[in-house]
1. I'd like the full set of residues that are closer than 15 Å to residue 66 by Cβ and surrounded by fewer than 16 Cβ atoms within 10 Å (Cβ to Cβ), limited to the stretch 143-166.
2. Within the stretch 300-359, which residues are modelled with pLDDT of 85 or more, within 15 Å of residue 41 (Cα to Cα) and not in a strand (DSSP E or B)?
3. Of everything in the stretch 229-244 that's over 25 Å from residue 325 (Cβ atoms) and in contact with a strand residue (DSSP E or B) (Cβ under 7 Å, 6 or more places away or on another chain), which residue is surrounded by the most Cβ atoms within 10 Å (Cβ to Cβ)?
4. Scan the stretch 270-291 for residues that are surrounded by 15 or more Cβ atoms within 10 Å (Cβ to Cβ) and either in contact with a helix residue (DSSP H, G or I) (Cβ under 8 Å, 6 or more places away or on another chain) or under 16 Å from residue 203 (Cβ atoms) (or both) and jot them down.
5. Of everything in the stretch 235-249 that's out of contact with any helix residue (DSSP H, G or I) (no Cβ under 9 Å at 6 or more places or on another chain) and part of a loop (DSSP other than H, G, I, E, B), which residue is nearest to residue 264 (Cα to Cα)?
6. Given the criterion free of Cβ contacts under 8 Å to residues at least 40 places away in the same chain, out of contact with any helix residue (DSSP H, G or I) (no Cβ under 6 Å at 6 or more places or on another chain) and not assigned by TED's automatic domain parsing to the domain that holds residue 346, identify the matching residue among 255, 232, 262, 219.
7. Any residue at all in the stretch 163-177 that's touching a residue at least 24 places away in the same chain (Cβ under 8 Å), outside any helix (DSSP H, G or I) and farther than 30 Å from residue 104 by Cβ?
8. Between a first residue in the stretch 317-345 that is at positive phi and a second residue that is crowded, with 20+ Cβ neighbours inside 10 Å and at pLDDT below 85, which pairs have beta carbons less than 7 Å apart while being 6 or more apart in sequence or on different chains?
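The values are calculated or read from the model by the stated rules, or taken from the named source; none is laboratory data. Quantities reported herein were computed from a predicted structural model and do not represent experimental measurements. Here the Cβ positions follow ideal geometry from the backbone for every residue, glycine too, while neighbour counts run over all protein chains shown.
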């Protein structure tokens, strides 16, 4: 201990100098996290065009009876049945017309015999003109009677043909092959030609397609032959092809119809609802990367970077999606700088160190790892 006494003043001086070492101060800007930032600008979004509409038959055939006054004896098909062209759907009771047929056949046969008899009598005076055997008046009368009898025979033959045609129409047949969508006829009903309500409605070849309503601006980016993915009411997604693009726009709604051809399937039913995504369609809209959109209890928002490098939450309304981009229907104007990684824990007023990067396209932008804040040393 006595040996250390001469060094005590030196040790005390060293300890005192260590306590007065200056503290390095770190500014808020130096302590800010580095974040990737993109500039909002119009982008070409591919595969983002969607449209909704009804599932409708591509072509419907209405089936009516062609003769009136006959009772339905049998209905052979029902809703949901697939029928072939010419297949019998309904049988009408032929009792009344069969009696008319027998009578018409007898009258036609009688008229034909009378016409033949009159023709034979006319042939007997064929070469007796001005021969003095019969008067010219009698000769002309036989010829007129022959022509009149033949005309009567022709009329009776036409009446017989009409009855036979009506008999053939007692079997109501399918005008096209397809799926029966609706049936209104019952056994015992009376037939009325050209009635107000068809007995059957048939979807030709069972083809059902989507009639989607598309805005006037988006209609220009859709063309026949373009592929689409259609979501059915049950949630299944089926491939479709644009068959028809409407040549006109509705004056009131400013929408145009697009017909999308769909495969023939049992779960694709006329009258349902569907939504199509046109994968090859594209439109230029104000868009932000998907990773820049933040979702919370208040809805969707982005973090806008101000001129002082401080962020501020801005609510947005999103629209079309595609290629990793989201359309901003409402929100910051074009030219605004936003944080690319919305998942970063940022609050209003936080300062960042922005790193400007181009807007990612073609796929969802990957979030950037945030730089760790620098710790102060004491």
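1. 162, 164, 165
2. 316, 331, 332, 333, 334, 335, 336, 340, 357, 358
3. 232
4. 270, 272, 274, 281, 283, listed by residue number.
5. 236
6. Details: 255 fails: free of Cβ contacts under 8 Å to residues at least 40 places away in the same chain; 232 fails: free of Cβ contacts under 8 Å to residues at least 40 places away in the same chain; 262 fails: free of Cβ contacts under 8 Å to residues at least 40 places away in the same chain.
Matching residue, one of 255, 232, 262, 219: 219.
7. To start, the set of residues in the stretch 163-177 that are touching a residue at least 24 places away in the same chain (Cβ under 8 Å) comprises 163-164, 166-167, 169-177.
So of that shortlist, the ones also outside any helix (DSSP H, G or I) come out as 169-177.
Right, trim to farther than 30 Å from residue 104 by Cβ and you get 176-177.
Yes; the residues of the stretch 163-177 include at least one that is touching a residue at least 24 places away in the same chain (Cβ under 8 Å), outside any helix (DSSP H, G or I) and farther than 30 Å from residue 104 by Cβ.
8. 322/45; 322/48; 323/45; 324/365
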